[in-house]
Amino acid sequence: MSLVGKEKSHVRLVFLGAAGVGKTALIRRFLLDTFEPKHRRTVEELHSKEYEVSGATVTLEILDTSGSYSFPAMRKLSIQNSDAFALVYAVDDAESFESIKSLREEILEVKEDKFPPIVVVGNKAESGGERQVPAEDALSLVELDWNSRFVETSAKDNENVLEVFRELLQQARLPGRLGPALCRRRETFPSEHGLRPPMNKTNSCSVC
């Protein structure tokens, strides 16, 4: 997958995957540094944020999609209008891993691209948690067979969440200079409680 080309000033990232795998949790962790353990059904929700980078405005959009397969037309439109894709499954749910395979095929068909910008995310990888999908199997399939990137995360423990977004932005050719701005995202993005959450090691700019 080539990253050669003009950097973009507007990028849309879309999160796809089965219901309950933690798509919304990953996005909320990134934007607000919060975690809600109770699953909330999502139909479609678009988050938009502007950053000033070297005097230019960069718009980042993050599309949170439904895990239901009852909206094929909506899903197709989401794929058509997006620049990079996070295919999310839960490491404790083998069926959700199978679902990302069909989602990838749909992306290839809609985008007419053999190597679309995809990051496969194995969420719910908390220490001591149950596991149905071995990391080695997922890594082999995604990086060797698909030529895409693979990251295991825990939205609950805030592990590797920033890494997912960094990989997506690199593949979407968003300017690398945006890294520090993303690390400062919580200074300007309103939280539900009107308070800026404290920065911790997993949220520090050292990972950008």
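The values are calculated or read from the model by the stated rules, or taken from the named source; none is laboratory data. A quick note: this is a predicted structure, and the numbers were derived from the prediction, not measured. In this analysis, Cβ positions are derived from the backbone assuming ideal geometry, glycine residues included, and neighbour counts consider all displayed protein chains. Accessible surface is based on the protein model in full, side chains and every heavy atom, while ligands, DNA and RNA are left aside. Shrake-Rupley method; radii C 1.70, N 1.55, O 1.52, S 1.80 Å.
Couple of notes before you dig in:
- Looking only at segment 98-112, residues that are open to solvent by 60 Å² or more (accessible area, probe 1.4 Å) and farther than 14 Å from V142 by Cα come to 3 in all.
- Looking only at residues in segment 58-77 that are under 13 Å from G17 (Cα atoms) and modelled with pLDDT of 80 or more, the one that is surrounded by the fewest Cβ atoms within 10 Å (Cβ to Cβ) is S66.
- Residue check, R131 open to solvent by 90 Å² or more (accessible area, probe 1.4 Å) and not polar (S, T, N, Q): yes
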